[in-house]
Every structure is written in structure tokens, then in C-alpha cells.
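Chemist: Got a structure for you, written out below as C-alpha cells; questions coming shortly.
The values are calculated or read from the model by the stated rules, or taken from the named source; none is laboratory data. As the structure is a prediction and not an experimental result, all values here were calculated from the model. Every residue, glycine among them, receives a Cβ derived from its backbone with ideal geometry; neighbour counts consider all protein chains shown. Surface areas here come from the heavy atoms of the whole protein model, side chains and all, with no ligands, DNA or RNA. Shrake-Rupley method; radii C 1.70, N 1.55, O 1.52, S 1.80 Å.
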Amino acid sequence: MDHPAALKHPHAQDVASILAALRSDTQRGLDSAEAQARLARHGPNRLPEVKARSAWLRLALQFHSPLIYVLLAAAGLTLLLHDFTDSGVIVGVVIVNAIIGFLQEGRAEQALAAVRRLLAQRAVVLRDGLHQEIDAAALVPGDVVLIEGGSRVPADLRLFEARSLRVDEAALTGESVAVDKSVASVADDAALAERRCMTWAGTEVRYGQARGVVVATGPTTELGRIGHLVSAVPRSDTPLTRRLDHFARQITLFIVVASALIFIWGLWLEALPPLEVFLAVVGLAVAAIPEGLPAIVTIVLALGARAMARHHALLRRLPAAETLGSVNVICTDKTGTLTRNEMTAVGVLLPDATLAVSGAGYAPKGEFSIDGKPHAPAQDAALQALARAALLCNDAQLQHDAEDGWSVVGDPTEGALLTLARKAGLDEAREHAAAPRVDVIPFESDRRYMATLHHDHHGHGFVLLKGAPERVLARCIHSADGLPLRRDAWDARIAQAAASGQRLLAIARRDVPAARTSLGAEDIAGFTLLGLVALQDPPRPEAAAAVAECKRAGIRVLMITGDHALTAAAIGKQLGLRGAGVLSGPEIDTLDASALRARLQTTDVIARASPEHKLRLVAALKADGAQVAMTGDGVNDAPALKAADIGVAMGLRGTDAARAAADLVLGDDNFASVAHAVREGRRLFDNISKALLFILPTNGGEAGVILLAVLLGWALPVSASQILWVNLVTEITLSVALAFEPAEPGIMRRPPRAPGAALLSGAMLARIAYVSLLMMASTFIAFEWELARGVGIDAARTAAVNMLVIGEMVYLFNMRRFTASSIDFGVLRGNAAALWACALLALAQALFTYAPPLQAVFHTRALDASAWLLLGVLGAAKFLAVEAEKWWLRRRGVSF
């Protein structure tokens, strides 16, 4: 019985039972022949490769979209008119969109590949009684593995020997500090982060040494289980993608039905020639199809991606740019996202005072204060004594890099103590030279303290003790003030600090004879307590402001972490979240789907959450109709990042697995960048809405002109080729200009859009219909006026085409503001692209009207001053008519 599946809950079994089940031995390990046999049975210690779809299939699927069908239909219709330039533009848009989608496919495979890279490459194993370094892929259940500081755990191990072992499990469990490991078994239902006798594949050993027996390899490890979760989670379509697909189906159906009805009407009821009716139907279809819409959407999103990148938010797929603007819940990881993932000393408890310490991270910048009043550390002998002991009884080192800033080599907690000592004005080199270390009792998880022996150069010796408060206080008899230790008073202060989510370390000193050269168990007694240091992985300074901004924008922020409930509640309170009644992972296991949704309404903080819990939380929120964004940086976040409507990974501290599963990567690991990305996402959706409100009425007006002419049996005011010209020149000028629009005032003070809201609201549809009628009316007036002047049908059509273009130009400035008035000079500022677009369009129309080559192609004629005066008056009237509608909407309090 050597398969890990036979080992149910190895963390709850004693080592002897596990070794017997795996037929292994702590002194010899496995023999080579047995190891090879097990490798053949269980397979290599690596995560399975997932067969990806072929490149040809991925490319073909890029064309499987209703909007692409509409574009291809438009290309076919323009080919019928021998307009090869416009056909080429449309086909080019389709190909570019397909290439972008093709390159961004296969993201699940990338996420799995990133998880696989977390597995160690080499491992030190005991086989045939000898230590051997082997390829980690050759590990099998029952192998005895040796791990030490600086190495990566190669498989899931049940420890049977550990010396001062601390393992960084933040990427897997969300634990903010390195975890002390031991060999004692724990309860069956212990959370993953509390299984101290286990080490997990892919985690990093920070300190100490240990030996353990392999109980799971490859896909059966905790890391493999997360890889399976990533591969099993389907990628959600973005709200924009869903809305555009639905819109494309609707407009396709409308165009097909309308074209068929018009063909039947003209052929049988109006008895028009078949070719003339067919050309009219082609013109109607070309006018109605918004062939430039995908290009405009892509341009808007690409410009948004550039704007986000300037604020350290890097998009992995363009449609996700808009998604952030519609989220109403942000589920954020704590460690490394809301906090710095750097332990910091935030307080010092001395016998007669409690000091607060400012600053965050390992940078030795910060001040001491008592009750908010500055406190000079150089004048406080008790603080100097504690800081000196924290510096000397310490194995870490601080490093400074011009690019990466301050970092720690060694245990993060000890790094925080070095930073505290520097803030107190002490220098490591000087202090170590003044009191060199003679001996040490290293920290071990069963002792939970560290002791060092020092001699100064004046004939004095002393022992320093640092560790868990309950262990250190039990070995103290006095306080630093010389009075007997009052254990009850110190216990009360310890409980108060722990309730704030702070981790405490006690520091003590004992004088010994100068002749003492070694430490023994008898020396660890009779100490004087110097004080305690309160440590915390503090919130980022800008995180609270970002959370508050999200709340003002109607976005709920949930903090989901693998850390302890007390720590999570304390951090949540500092950030302005509801920390009372923290929801824990074990409680989630007891709740069904409906109970979980109800429980989520009572708190904003979730602690001790596993990857499965995070998936359930995302599913519960989405079942309640929420649009969910998930932020995170660890391997344990990857499945939920992929399951959320938009996943946001940390770029600096985030794992490859998290970045590969995410839609957006924050280059500065700053939660405040999420709030800015939300603002940018809302601006993008506004600009896409403005583009729709611009394109659809103009297309509607063009189609309406042809529709009305056919229904009434009149001459067509514009030909199909002329409509193509209008679409081409306006969509590469005026429509693109709207992509550069700045954010509307108060964009972060309005609630998010409802997830199920239609792409076009009722007010927007009314605007489209109203402007379409204005376009139709102004075009027919210009056409009929010119015919009445006797200038001929070609000149009348030239006037009609120019009327369409002028109507679109003035409507562009209407649309720069949804409902706010555009009757001021401010509408000419803030978007230089709009002015350039109008200038280019005026030049294009001048060539269309007066250049002989274009006159020959489009059958246009030069217009006189009277015609231009009429077109100017009609354009101004149309601008004022739209402004009147906006005034009416403001009066009624209607917004888009």
C-alpha cells in the first residue's frame, strides 16, 4: 500500500503509521529498484500537460461571432458594388480582430504552465541509505526528502524531523508570515494553513532544516489540485462581449428582415425594376450595417489600455478594459495586495509606556510616538536596550537596492526587528562589534524562542532571549524597571494587542559571568523582561483611500485571505471594512449555496479561505447578480482569478500562475491602481456608448432615407456607393474622435451599471430614433430643395450627401456630452482629436464635391453658395434640436 490515495489525512496520522503504509524507512529511505517501480506506477512528479486546441481551430473560432458575420456580409455587399477599397478595409478589420484573439487564446494552458514551473527542479533524497541529489520529477511516494533554508519544497511531505524550520506558504495559503513547522500531528479537520507537520510542493523554505516522507506527487499534491481547479474553471465572457454579441444578433436579424420586406414591397407593390430594387436593398443593408463598430470598439479599448498602462495597470485582453467599469464587487486578497507583505514593527510595549512606531516595510524610516506625541528614541534608555537586544539576537540582514528598495535576507520577522533598531538610531556593524556573539540556541518550533550569548569588551557577559511571549515571560522574574514581573498586567496588554491582529515577540536579557562561553538549558531562566514588540503586515497607506473611493462609486470591497480571523478583522477595520463577524473557511464548508449568499451580506472579511472557498465565494456573488472582480497574487488565487468576471493579479510580487490566470496585471502591486482602473473602465464604456449613439443614428438616418424613398416610390436621395463613402470617411474620422473623450464629471460618484443591463437603454434608443428622424428630414429637405432649384439629380444627391456629413459633424459635438449642454466654448476643448477629425472630414468632402476624379466615381457635382448656405442652416437647426432634447432630459432627471 504505497499510493498516496491510501493515506487519508496524513497530517492527522503519526509518522510510524505513514511510514508503514508507504513501506519506507527514515534511515534508508527507499531502495532504487522500488523507487523505479513506483515511478512507473505513479508517474513523474510533475503536473500533467493539458492538450491545447490546434492553432488552426483556434484561428477558425475567431471568426465565429455574429458581429464578424455582419462584417463579412458588409464586405460581400461592397464587393458587389465593386468598391474594393471599402471591402479591403472591412476585411482588414476582421483579420486584425482575429489575429488579436488568436494571440490571446490558450490562457488556461499558460496558467497551468506557470503552476508547473513552481515545482522544484532538483531534490535531495535518501535512497539505499545514501543522500542523493535527483531530478525532482523522479520523486515517488515513500521517498525520504531533505529540505533546508533557501530551497523549494519538491513534493507534499509529512515531516518526521524538523529543526528551526520556517516555510513561506503565502502563495499557497495566504499566510502573511513564514510558518513554523513541527512534527506533531494535528486534527483531521485542521485548515491547510494549520497543518504544521506538512510542507507543500512549491512553497519556499526560509529557515532551518527538516526531513520528511513524500505523501503526494504531481497532480495529487495541493499545488496539483489548484492546477486542476484552474483548468476546470471556464473563462467568462466579458459584459461588453456579451452585449455586443446580443446587439449583433439583433441588428443582423433586423437588416435581413427589413431588406427582404423592402425587396418584396418594391418589386410587387411598387412594380419597380428588379435591378433597381436590388440596388436599393443593397444600399439599405450597407447603410444599416455598422461595419466600423468593431474597429471603433477596438480603438477605444486599445487607447484605454494605453491609459491604464500609464497608471501601472497592464491589460492581457482588451475587452477586460471595460469590464472593470461595470463591477460592483471587488474581492481582494489581503497579503501583498491590501498590505505590503512585509512584516513591520508597529508598536513597542515597555514596562511604563506603549510606543507607536510609524513607517511600513523594511525601509528604516519612521518615528516613535506616545499617545500621538513624538517621542525621541535616543533619550529613552529602556527603548534603546530593547532595540539593541532585538538587533543582536537576530540572524537576518537588511539590503538596499536603488531599484527594488529595502529587502530582507532571512526571516521577515527578524528583518522587521532590524528595521525597528535602525529607527531607534542603532547601527548593526557598530553594535555587533561592541558585543560580539559567542554562542546561540537557534529558534525551534517546539521551543519557540532564540537565545544568544554575548561578551562586551569590558568584562561583561549577557544572554539575550527572544520569542513567543508565553515562553519568554515564563523565564522572566523582573521587568526592565527593576520591579518583580507582574504577569497578569503583561498578559492583559498582550491580549489587547493580539485582539488588534498584531503578532507579539517578547525580548529579555540576563547578565552572566564573563567567563561563560556556551549556553545550556540552565541559562534560560532568571531573565529581565525588556518589553514586547508588536508586529503586523500593515495596510498600504493608499489602500484605505482606494477602498473609500470604491465605496463612493457603489462598489463593495470584500477582503478574502488565508490568514487568521483576528488578523484579517484588524486589517479590515483599518481599511474601513466591516470586520465584525468574520466569515471563516471552516464555516463556509458548513453552508449551502443559499446560506452562503445570505452570510456574505453580513461581513466584508473572509479568513482562512482555501482556493475552493474562493471559487465558492465568487460563484455565490455571481449567483446574486454581482459583477465580480478578484484581485490576488498567489497560486491559491489563480482559480478564482479565472472564475471572476475580471481577474486582477499583482505584477511585482504575484506568481506566474496568478498573472497567467488574470485579465489585468498591476505593475506596482498597488490596490489604488484598481480604483483608477475602475475609473478608466467606466470612461471606456461611456466612450463606447457615445460611439454607438453616434454611429447608429447616422446609419439609421442613411437607411431611413433609402427606406422612405422606396416605400414612397421616390428617387433615391443618395446612392449605395455614396453611402459607403459617407460611412468610410465619417467612421475613420468622427467616430474615432469619440475614443479620445475624457471622463464625464462625477464618473466615480455614480453606481455601477447593472450586470444584466442592455447595451442600449431606453433613453439611448429614444435618442437614436430622434436623431435618425432629424437626419432623414434634413437630408430630404436638402435633396428636394436642390431638385426644386432645377440643378439636376446628381447635384441634389451631392447636397444630400454633404447634408448627411454636416449633420454628423454637428452631432459629434452634441455627443461629447450625454445630457449636459454643448452650447458653450468648452465643447471645443478637451479633445483635440474632434477638431482634427472635422478638419480632415471637411477636406475629404471638398474633394468629394469638387475633385473631378471623385466626381466621376461618385457622380457628384460642384455646389454653389446658396446650397452651402442651406446646408449650414439645416446643420445648425439639427444641432439645436438635439440640444433641446438634452435640455428636456435634464429637466426630467434622465441620465444615460
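Chemist: Whether any residue in segment 639-648 is crowded, with 23+ Cβ neighbours inside 10 Å, at pLDDT 90 or above and among the small types (Gly, Ala, Ser) is what I want to check.
Modeler: Checked segment 639-648: no residue is crowded, with 23+ Cβ neighbours inside 10 Å, at pLDDT 90 or above and among the small types (Gly, Ala, Ser).
Chemist: Take LEU269 and tell me if it is among the hydrophobic types (A, V, I, L, M, F, W, C) and either modelled with pLDDT of 70 or more or surrounded by 16 or more Cβ atoms within 10 Å (Cβ to Cβ) (or both).
Modeler: Here the answer is no, as LEU269 does not meet what is asked.
Chemist: Same structure, new question: Which of the residues belonging to segment 409-423 are without any contact (Cβ under 8 Å) to a residue 60 or more places away in the chain and surrounded by fewer than 22 Cβ atoms within 10 Å (Cβ to Cβ)?
Modeler: Answer for segment 409-423, where residues must be without any contact (Cβ under 8 Å) to a residue 60 or more places away in the chain and surrounded by fewer than 22 Cβ atoms within 10 Å (Cβ to Cβ): VAL409, ARG422.
Chemist: Can you name the condition, by its number, that ALA184 falls short on among (1) touching a residue at least 24 places away in the same chain (Cβ under 8 Å); (2) open to solvent by 10 Å² or more (accessible area, probe 1.4 Å)?
Modeler: Of (1) touching a residue at least 24 places away in the same chain (Cβ under 8 Å); (2) open to solvent by 10 Å² or more (accessible area, probe 1.4 Å), only one is false for ALA184: (1).
Chemist: How many residues are of a type in the set (S, T, N, Q) and out of contact with any strand residue (DSSP E or B) (no Cβ under 8 Å at 6 or more places or on another chain) when one looks only at segment 365-389?
Modeler: 2
Chemist: Pull up segment 517-531, narrow it to residues that are of a type outside the set (Val, Ile, Thr) and open to solvent by 40 Å² or more (accessible area, probe 1.4 Å), then point me to the one that is nearest to ALA474 (Cα to Cα).
Modeler: Selected residue: ALA525.
Chemist: Scan ALA758, ALA763, ALA800, ALA788 and give me the residue that is closer than 16 Å to ILE706 by Cα and aliphatic (A, V, I, L, M).
Modeler: Exactly one of ALA758, ALA763, ALA800, ALA788 is closer than 16 Å to ILE706 by Cα and aliphatic (A, V, I, L, M), namely ALA800.
Chemist: Kindly indicate whether any position in segment 342-355 is modelled with pLDDT under 90, surrounded by 19 or more Cβ atoms within 10 Å (Cβ to Cβ) and not small (Gly, Ala, Ser).
Modeler: Looking for residues that are modelled with pLDDT under 90, surrounded by 19 or more Cβ atoms within 10 Å (Cβ to Cβ) and not small (Gly, Ala, Ser), one finds at least one in segment 342-355, hence yes.
Chemist: If I ask for residues that are of a type in the set (Gly, Ala, Ser), open to solvent by 10 Å² or more (accessible area, probe 1.4 Å) and under 25 Å from LYS886 (Cα atoms), which ones from segment 672-702 would you list?
Modeler: The answer is GLY700, and nothing else.
Chemist: Also: Could you figure out which of (1) among the aliphatic types (A, V, I, L, M); (2) farther than 29 Å from ARG340 by Cα; (3) open to solvent by 10 Å² or more (accessible area, probe 1.4 Å) isn't true of LEU453?
Modeler: The one condition LEU453 does not meet is (3).
Chemist: Test ALA851 against the criterion of being under 17 Å from SER821 (Cα atoms) and either at pLDDT 95 or above or over 50 Å from the mean Cα position of the chain (by Cα) (or both), and give yes or no.
Modeler: When the stated conditions are applied, ALA851 does not pass them.
Chemist: Looking for something of a type in the set (D, E, K, R), closer than 25 Å to ALA210 by Cα and outside any strand (DSSP E or B) - is there at least one such residue anywhere in segment 423-446? Break it down stepwise before answering.
Modeler: Kept after step one, since they are of a type in the set (D, E, K, R), are these residues of segment 423-446: 423, 427-428, 430-431, 437, 439, 444, 446.
From what is left, the residues that are closer than 25 Å to ALA210 by Cα are 439, 444, 446.
Add one more test, that the residue is outside any strand (DSSP E or B), and what stays is 444, 446.
Yes, segment 423-446 has at least one match.
Chemist: Sticking with this one: Can you list the helices (runs of 4 or more DSSP H) lying wholly within segment 824-896 that have 2 or more residues being touching a residue at least 60 places away in the same chain (Cβ under 8 Å) and more than 18 Å from THR733 (Cβ to Cβ)?
Modeler: In segment 824-896, the matching helices (runs of 4 or more DSSP H) lie at 865-892.
Chemist: Out of the residues in segment 498-548 that are modelled with pLDDT of 90 or more and of a type in the set (Lys, Arg), which is farthest from the chain's Cα centre (by Cα)?
Modeler: Of everything passing the filter in segment 498-548, ARG510 is farthest from the chain's Cα centre (by Cα).
Chemist: Then there's this: Which ones in segment 793-809 are open to solvent by less than 30 Å² (accessible area, probe 1.4 Å) and not charged (D, E, K, R)?
Modeler: ALA795, ALA796, THR798, ALA799, ALA800, VAL801, ASN802, MET803, LEU804, VAL805, GLY807
Chemist: Before we move on, is ARG448 open to solvent by 50 Å² or more (accessible area, probe 1.4 Å) and touching a strand residue (DSSP E or B) at 6+ places or on another chain (Cβ under 9 Å)?
Modeler: Numbers: open to solvent by 50 Å² or more (accessible area, probe 1.4 Å): yes; touching a strand residue (DSSP E or B) at 6+ places or on another chain (Cβ under 9 Å): yes.
Judged against the criteria, ARG448 is a match.
Chemist: With LEU324, LEU386 as the choices, which residue is touching a residue at least 24 places away in the same chain (Cβ under 8 Å) and more than 32 Å from the chain's Cα centre (by Cα)?
Modeler: Among LEU324, LEU386, only LEU386 is touching a residue at least 24 places away in the same chain (Cβ under 8 Å) and more than 32 Å from the chain's Cα centre (by Cα).
Chemist: Further, regarding this structure: Modelled with pLDDT of 85 or more and assigned to a loop (DSSP other than H, G, I, E, B): does that describe ASN394?
Modeler: Yes.
Chemist: Could you identify the single residue in THR199, THR203 that is in contact with a strand residue (DSSP E or B) (Cβ under 8 Å, 6 or more places away or on another chain), closer than 20 Å to SER24 by Cα and surrounded by 19 or more Cβ atoms within 10 Å (Cβ to Cβ)?
Modeler: THR199
Chemist: Picking from ALA37, ALA33, which residue would you name as being at pLDDT 90 or above and open to solvent by less than 70 Å² (accessible area, probe 1.4 Å)?
Modeler: Just one listed residue meets the conditions, ALA37.
Chemist: Shifting gears a bit: Do we find that VAL179 is among the β-branched types (Val, Ile, Thr), under 25 Å from ALA609 (Cβ atoms), out of contact with any Gly (no Cβ under 8 Å at 6 or more places or on another chain) and at pLDDT 90 or above in this structure?
Modeler: Values: among the β-branched types (Val, Ile, Thr): yes; under 25 Å from ALA609 (Cβ atoms): yes; out of contact with any Gly (no Cβ under 8 Å at 6 or more places or on another chain): yes; at pLDDT 90 or above: no.
No; evaluated as a whole, the condition is false for this residue.
Chemist: Do you know which residues across segment 819-870 are within 30 Å of VAL894 (Cα to Cα) and of a type in the set (Ser, Thr, Tyr)?
Modeler: THR819, SER821, SER822
Chemist: Give me the pairs, please: first residue somewhere in segment 562-586 and within 17 Å of ASP189 (Cβ to Cβ) and modelled with pLDDT under 85, second residue anywhere and open to solvent by 20 Å² or more (accessible area, probe 1.4 Å) and of a type in the set (A, V, I, L, M), beta-carbon distance under 8 Å, and either six or more positions apart or on two chains.
Modeler: Cβ pairs passing all conditions: GLY562/LEU192; ALA565/VAL582.
Chemist: Can you find, within segment 540-568, the residue that is farthest from LEU641 (Cα to Cα) among those that are in contact with a strand residue (DSSP E or B) (Cβ under 6 Å, 6 or more places away or on another chain) and open to solvent by 20 Å² or more (accessible area, probe 1.4 Å)?
Modeler: Within segment 540-568, the match that is farthest from LEU641 (Cα to Cα) is ALA565.
Chemist: Another question, then. Residues HIS454, HIS458, HIS478: which one is over 47 Å from the mean Cα position of the chain (by Cα), within 21 Å of HIS432 (Cβ to Cβ) and at pLDDT below 95?
Modeler: It is HIS458.
Chemist: On to the next question. Quick one: which of PHE783, PHE740, PHE813 is among the aromatic types (Phe, Trp, Tyr), surrounded by fewer than 23 Cβ atoms within 10 Å (Cβ to Cβ) and at pLDDT 90 or above?
Modeler: PHE813
Chemist: Then there is this: Please state which one of SER54, SER17, SER24 is at pLDDT 75 or above, closer than 30 Å to ALA137 by Cβ, exposed (fewer than 15 other Cβ atoms within 10 Å of the Cβ) and hydroxyl-bearing (Ser, Thr, Tyr).
Modeler: SER17
Chemist: It is to be established whether one or more residues within segment 610-618 are modelled with pLDDT under 85 and open to solvent by less than 10 Å² (accessible area, probe 1.4 Å).
Modeler: Yes.
Matching residues to (1) closer than 20 Å to ALA788 by Cα; (2) crowded, with 18+ Cβ neighbours inside 10 Å; (3) touching a Cys at 6+ places or on another chain (Cβ under 7 Å):
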residue: ALA834; (1), (2), (3): no, yes, no
residue: PHE848; (1), (2), (3): no, yes, no
residue: ALA867; (1), (2), (3): yes, yes, no
residue: GLY872; (1), (2), (3): yes, no, no
